[in-house]
Each structure stands twice: as structure tokens, then as C-alpha cells.
Amino acid sequence: MIHFTTTDSPIGRLLLTCDGEALTGLYMDVASRPPRDLHLWVEDASVFPLPQAVAQLCEYFAGTRREFDLPLRMQGTEFQRRVWRSLTEIRYGETWSYGQLARRIDNPHASRAVGLANGSNPSPSSCRAIG
């Protein structure tokens, strides 16, 4: 079962999802582009790790947190998960090109595919991944 909550932020309203063990998604711009399965999810801000995620996001936007310590469960292809794991290696304040990410996953000619995988990333990349 997927649980969710929403929270306001300086970049707009955020929708966070979880499965009771790990964060499964963070969606921006939900007012104009709500997730297609939203009607199947249960709104409950108390389900782990949603309260921790909201608190850590508030700290991040307040400038007191640079890294997140949340369990993630990323659902995607093996290639997408490799890209998403590589995103966790980007330190606060750094930027990497899609070409750099492609080289990082030992697939130097896959920069376009890396860009597509990055665009479909359901979770914040600076969290600790599980699963």
C-alpha cells in the first residue's frame, strides 16, 4: 500500500510517498501534474518515514541540512537504479553533467539515456537508497 502526504516548500507544494518502510517518491508541481495513481493512495502523514522526510526537507530548505538520512525504495529498471545510485554521490553544491554520470556508471555513450533516467527519478537523490 502506498501512503502519502503533502508539504509546502519554497519550491512549491511537494507530495511524498512511502510504503511504510521507505520513501518511494517525492513529486513536485503536483497541482498541475498529479501522479496518475494518486486516487489509489492513502493520505496519512504519520506513516514511516513521512514525518522524518517532511522534517528533513524543512531543515534542508532552512539551510541547516545538506544530506538526507532516509531509507529509499527506488522502483525502476536496473539502468535507472544505477543512474539514481550515482546521483547520491553528487555532493551538496556540485553539479554533474549527464556525460559525467554516464562515465560514472561505466557507460560513457549513454548520456541521453542517463538524462531520461534522471528525469524519471521518483525520489530525492541525496538520500540513502535501499532495495
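The values are calculated or read from the model by the stated rules, or taken from the named source; none is laboratory data. Please read these numbers as outputs of a predicted model, since none were measured by experiment. Cβ sites come from the backbone with ideal geometry, for glycine too, and all protein chains shown count toward neighbours.
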Name the residue that is modelled with the highest pLDDT, counting only residues in the range 115-131 that are surrounded by fewer than 16 Cβ atoms within 10 Å (Cβ to Cβ) and touching a strand residue (DSSP E or B) at 6+ places or on another chain (Cβ under 7 Å). ARG128
Filter the range 11-36 for residues that are polar (S, T, N, Q) and within 15 Å of the chain's Cα centre (by Cα); which is surrounded by the most Cβ atoms within 10 Å (Cβ to Cβ)? THR17
Restricting attention to the range 37-64, and to residues there that are of a type in the set (A, V, I, L, M) and buried (at least 16 other Cβ atoms within 10 Å of the Cβ), which single residue is farthest from ARG13 (Cα to Cα)? VAL47
How many residues does the range 80-114 hold that are loosely packed, with under 11 Cβ neighbours inside 10 Å and over 20 Å from the mean Cα position of the chain (by Cα)? 2
When every residue in the range 62-108 that is of a type in the set (Lys, Arg) and assigned to a loop (DSSP other than H, G, I, E, B) is compared, the one farthest from TYR27 (Cα to Cα) is ARG91
Evaluate the following for LEU70: is it surrounded by fewer than 17 Cβ atoms within 10 Å (Cβ to Cβ) and either charged (D, E, K, R) or modelled with pLDDT under 95 (or both)? no
